[in-house]
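Down below is the structure, laid out as structure tokens.
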Amino acid sequence: MAELSYREAVRDALTSAMRQDDDVFVMGEDIAEMGGSMGVTQGMVDEFGPERVRNTPISEMALAGAAIGAAIQGMRPVAEIMYEDFLTLATEQIVNQAAKHRYMSGGQVTVPVTFRTQGGSGWSPGAQHAQQLEAWFVHIPGLKVVFASTPTDVRGLLWSAIYDDNPVVFFEHRTLYGVKEEVPEELEPIPIGKARVHREGEDVTVIATGRLVHEALAAAEQAAESGVSVEVVDPRTLQPLDEDALIASVKKTNRCVVAHEAVTRMGFGAEVAAVIQYGAFDWLDAPVERVGAKFTPLPFAPIMEEWCVPHANDVLAAINRTVGRNGN
Amino acid sequence: MLSLVAKVEQRGTLSREELRDFFREMLLIRRFEEKVEERFRAGELPGFLHVAIGQEACAVGVCRALEDGDVIASTHRAHGHTLAKGTTPNELMAELYGKIEGCSHGYGGSMHLYDVERGNMGANAVVGGGLPQITGAALAFKLRGESRVALAFFGDGATNIGTFHEALNLAQLWQVPAVFVLEDNKWAESTPEQQHSPIRDLSKRAEAFGMATIKANGQDVEEVYRAARKALDHARSAKGPVFLHLETYRLSGHYIGDPQVYRSKDEQRDVREHHDPLTQLREKLEISDEEFAEMDAEVHDVVDASVDFAKNGTDPKPEDALRNVYA
């Protein structure tokens, strides 16, 4: 076992794939000498050179499109979109092109490209550098969407994303880069489409993604102190979604909270709530609770930003509502 | 087609027979497009259809200059490029009828024609959508040290969109083997060039990136062919991408059924009389009425056969819609 940070785990997946496979390369803004805005690719240009750790201009349409074109011609590019907010600039290429080439060609074209990106609140960058837009991409047939919350998961899932023959949009959360975890020495691929049960419980299932997995685990600790047993499940892959695992957990606990940092309205949790009410209707003892950000752009002032996005106490409050202990 | 290109390469010039073969292919595209118009008006063809009548010399001249392994990306006006890149009239017409035998197996339609085996990375219904991917395909060829070129077709309207500028910038920055072919037909749908671009010479946009540019008369297939060879040789020999600017004319409307209220009847008549690449080549080759009639009849037969083939093709099952979403 070795201890890796989430940041090191991403780098390890990229490096391992590039060592074994000439078709894998990374491209993005400031990823070479600077090592990326979050330091994820630090040092990689020294090992692989500027052809394979490829700096691009600030040009999201072209860098996304070029990654797609190279993928169609048999490479396995990993394009880094520096901030999740800038996915909006690359959306035409990701949504109209990458997601649809295979379909529109009747199965002739394969697009094994990975778009890595990161975002999230916590650093007060304001409304254009901290959004959580994963739900947009879950809505697009042809894309796979991953949102990993731990070093082990991010390493194993990024590996699988790189070797998946479909375009994958791979979300990382900014505040998780420093999170450390004991991981196996050898990289173990984690299959796309499999949820992870972080903590087993009997009374309530919290289905959480990204940063909220950690908030949910903290809330579960607190709930345990008052005798409520919480199961925490991270779907890890948002598309395809491991519906069976989520439904099975709720059938066991009979209550469900969905939690993510993105705004609640039309968030990923809305889809999960629909899946749960349909798949576990007769097992539910309480309405499915949703936890997410307030319906506002992210404000700058830290005091406002912190208020807008959910934390452990919000998850705990939702847990308590499902077991009839509200009063707040 | 390959052996023909090889022969041409040896001599560096086109014989009458070769040009006659080019003419025959241009005539095939013309008759194919006229048949598409006819069948659309008869209510047989679903979808949005854009014909390339007037731009046949661009498609044939460029595609004949390509080598095995080269790839293209096309536009919403893709029938000519697709035929010139080697897709058979039967496969193309079957696609327009939404049949499994079609070149995109009924999943694409007129604006999404693919033929990966023959190097067609796909027609694109988003103006400028294919350009960054051509830069990326060329990057893949460069990284693997392959002697291949990726080539994008697009119109003057596309030179205003961000993907055009970003794709050319990146291609030139990275010196990838790409050729960007501007089919400058003077119209972005119904908007004339002087209303959509502040400059008249659109090559300047490529020059601004430091890219090599070549201009040619897009109505003269021999000139197009020579210019395309030059552009492809340049790109293939690692000298960087090339912008190939073809001056051409769209003799018909933007789409089938377009009443063309935006251009006068006189202008429509004028371009048909003075800028038809087929008329010009026929005169140059001194093709007799008899020879033309014979060729035309043969081409008509091929096109009619493609309609029969398409109509007798296999309809997909509705639930086939769920296939090919993921690999």
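List of remarks:
- Matching residues in the stretch B:303-326 - criterion: being in a loop (DSSP other than H, G, I, E, B) and open to solvent by 60 Å² or more (accessible area, probe 1.4 Å): B:Asn312, B:Thr314, B:Asp315, B:Lys317, B:Arg323, B:Tyr326
- Selected residue (only one of B:Glu33, B:Glu18 is at pLDDT 95 or above, touching a His at 6+ places or on another chain (Cβ under 7 Å), assigned to a helix (DSSP H, G or I) and surrounded by 14 or more Cβ atoms within 10 Å (Cβ to Cβ)): B:Glu33
- Those residues of the stretch B:114-155 which are at the interface with another protein chain (Cβ under 10 Å from one of its Cβ atoms), more than 18 Å from A:Asp22 (Cα to Cα) and part of a helix (DSSP H, G or I), in sequence order: B:Val116, B:Glu117, B:Leu131, B:Pro132, B:Gln133, B:Ile134, B:Thr135
- Of the residues examined, A:Thr264 is not one that is open to solvent by less than 10 Å² (accessible area, probe 1.4 Å) and outside the structural domain of A:Gly120 (by TED's automatic domain parsing).
- Annotation note: Cβ proximity below 7 Å between a residue of the stretch B:84-95 that is of a type in the set (Ser, Thr, Tyr) and a residue that is at pLDDT 95 or above (sequence gap 6+ or interchain) occurs for B:Thr87/B:Cys103; B:Thr87/B:Asp115; B:Thr87/B:Arg118; B:Thr87/B:Asn120.
- Scanning the stretch B:103-113 for residues that are surrounded by fewer than 24 Cβ atoms within 10 Å (Cβ to Cβ) and either more than 8 Å from chain A (Cβ to nearest Cβ) or basic (Lys, Arg) (or both) gives B:Gly109, B:Met111.
- Matching option when the condition is open to solvent by less than 30 Å² (accessible area, probe 1.4 Å), closer than 27 Å to A:Glu51 by Cα and either at pLDDT 95 or above or part of a strand (DSSP E or B) (or both), among B:Ala216, B:Ala227, B:Ala231: B:Ala231
- Condition met for B:Ala158 (in contact with a strand residue (DSSP E or B) (Cβ under 7 Å, 6 or more places away or on another chain) and small (Gly, Ala, Ser)): no
- Test: residue in the stretch A:95-114 that is surrounded by fewer than 23 Cβ atoms within 10 Å (Cβ to Cβ) and within 28 Å of A:Val179 (Cα to Cα): no
- Lone qualifier among A:Asp282, A:Asp244 - being in a helix (DSSP H, G or I) and either aromatic (Phe, Trp, Tyr) or under 25 Å from the mean Cα position of the chain (by Cα) (or both): A:Asp244
- Residue ID - surrounded by the most Cβ atoms within 10 Å (Cβ to Cβ), chosen from residues in the stretch B:79-102 that are of a type in the set (D, E, K, R) and assigned to a helix (DSSP H, G or I): B:Glu95
- Extreme residue, nearest to B:Ala150 (Cα to Cα), among residues of the stretch A:66-83 that are more than 7 Å from chain B (Cβ to nearest Cβ) and among the β-branched types (Val, Ile, Thr): A:Val78
- Scanning the stretch A:137-148 for any residue that is open to solvent by 50 Å² or more (accessible area, probe 1.4 Å) and either away from chain B (no Cβ under 14 Å) or touching a helix residue (DSSP H, G or I) at 6+ places or on another chain (Cβ under 6 Å) (or both) turns up nothing.
- Some residue of the stretch A:155-177 being closer than 28 Å to A:Phe295 by Cβ and either open to solvent by 10 Å² or more (accessible area, probe 1.4 Å) or free of Cβ contacts under 8 Å to residues at least 24 places away in the same chain (or both): yes
- Every residue from the stretch B:286-322 that is in contact with a Leu (Cβ under 8 Å, 6 or more places away or on another chain) and among the aliphatic types (A, V, I, L, M): B:Met295, B:Val299, B:Val302, B:Val303, B:Ala310
- Considering only residues in the stretch B:273-303 that are more than 18 Å from B:Ile53 (Cβ to Cβ) and acidic (Asp, Glu), the one that is nearest to the other protein chains (Cβ to nearest Cβ) turns out to be B:Asp301.
- Yes/no for A:Val109 being touching a helix residue (DSSP H, G or I) at 6+ places or on another chain (Cβ under 9 Å), aliphatic (A, V, I, L, M) and more than 7 Å from chain B (Cβ to nearest Cβ): no
The values are calculated or read from the model by the stated rules, or taken from the named source; none is laboratory data. Just so we're clear, the structure is a prediction, and the values are computed from it rather than from any experiment. Glycine also receives a Cβ, built like all others from the backbone with ideal geometry; neighbour counts cover every protein chain displayed. The accessibility values were calculated without ligands, DNA or RNA, using every heavy atom of the protein model including side chains. Shrake-Rupley method; radii C 1.70, N 1.55, O 1.52, S 1.80 Å.
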